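> My questions all concern the structure below.
The values are calculated or read from the model by the stated rules, or taken from the named source; none is laboratory data. Just so you know, these numbers come straight off a predicted model, no measurement behind them. Using ideal geometry, Cβ is built from the backbone for each residue, glycine included, and neighbour counts are taken over all protein chains shown. Please note that ligands, DNA and RNA were not included when accessible areas were found on the heavy atoms of the full protein model with its side chains. Shrake-Rupley method; radii C 1.70, N 1.55, O 1.52, S 1.80 Å.
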Amino acid sequence: MGVNRGATVEEAVLYSRRRRRHRMGLLNDIEAELNIIAEKLRPEKKDVSLWRGRCRSSLHLRHGGCCVMPKVPAVGPERIDTTCALCKSAPETRNHLFFMCAYSSQIWEHIARGILCGSYTNVWSEIVSIIGDETMERKRLFCVRYAFQAVLYAVWRERNKIIHGDKLLPLTTLKRMIDKGIRNKITLMRNHGVKGMGELMQFWFLTRV
Ligand SMILES: [Zn+2]
């Protein structure tokens, strides 16, 4: 498929391949899936901006800053049962899901407490205000923005899995996956020559308390 054996999905999607037609149906299915992911990852795609202004970091945050912010999902009326699918004990509102919920709050806390230390919060409006704080130390700001994006995405995915009848991932597994995803992202940027990524990785490890 023209994909490097050691490539991550992101690398396969964004950097190293051109779409082809295959004789094997399965490979065409994989092409279609990669295309869907590529659409989601494309940086020029319009995202919902949660903070004003542009990312002006000395770390050259081309792929990890505000530009890759995922669309904040609308917690919509498409479901008749609006109880939170994750904890099943509260109405599913945006603030509940991100991150007042007993399930999602544990994930957010695991990923974000070491970054935010004394200003740690699981209240949506406060988090949004923190990630818009351009006066924060760049490394910390990068980490909290990326953590927010990663946890948001993971929680939303778990929520959708439950709605489609799948099982929740155990908390420890999900925490590990998110942490690994963030480290992979930093490594990827470093391999693409983005400045400051080695230092950022060290900082990330320091925040793992
Ligand atoms: Zn909940």
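> Name, by its number, the condition in (1) closer than 19 Å to I178 by Cα; (2) open to solvent by 20 Å² or more (accessible area, probe 1.4 Å) that does not hold for I130.
I130 satisfies every listed condition except (1).
> Criterion first (within 25 Å of C101 (Cβ to Cβ) and hydrophobic (A, V, I, L, M, F, W, C)) does L168 satisfy it?
When the stated conditions are applied, L168 passes them.
> Then there is this: Take T207 and decide whether it is touching a residue at least 60 places away in the same chain (Cβ under 8 Å) and of a type in the set (S, T, Y).
yes
> Could you tell me whether any residue of region 92-99 is under 19 Å from W204 (Cα atoms) and within 16 Å of the ligand (Cβ to nearest atom)?
Checked region 92-99: no residue is under 19 Å from W204 (Cα atoms) and within 16 Å of the ligand (Cβ to nearest atom).
> Of the residues in region 170-181, how many are within 18 Å of A7 (Cβ to Cβ) and either touching a residue at least 12 places away in the same chain (Cβ under 8 Å) or in contact with a strand residue (DSSP E or B) (Cβ under 7 Å, 6 or more places away or on another chain) (or both)?
Residues flagged as within 18 Å of A7 (Cβ to Cβ) and either touching a residue at least 12 places away in the same chain (Cβ under 8 Å) or in contact with a strand residue (DSSP E or B) (Cβ under 7 Å, 6 or more places away or on another chain) (or both) within region 170-181 amount to 1.
> Restricting attention to region 103-122, which residues are within 15 Å of the ligand (Cβ to nearest atom) and open to solvent by less than 70 Å² (accessible area, probe 1.4 Å)?
Correct list: Y103, S104, S105, I107, W108, N122.
> Within region 69-102, take every residue that is surrounded by fewer than 20 Cβ atoms within 10 Å (Cβ to Cβ) and under 21 Å from K180 (Cβ atoms) and give me the one that is modelled with the highest pLDDT.
Of everything passing the filter in region 69-102, P70 is modelled with the highest pLDDT.
> Could I ask something else about it? Quick one: in region 153-180, which of the residues that are in contact with a Phe, Trp or Tyr (Cβ under 9 Å, 6 or more places away or on another chain) and surrounded by fewer than 16 Cβ atoms within 10 Å (Cβ to Cβ) is farthest from I115 (Cα to Cα)?
L168
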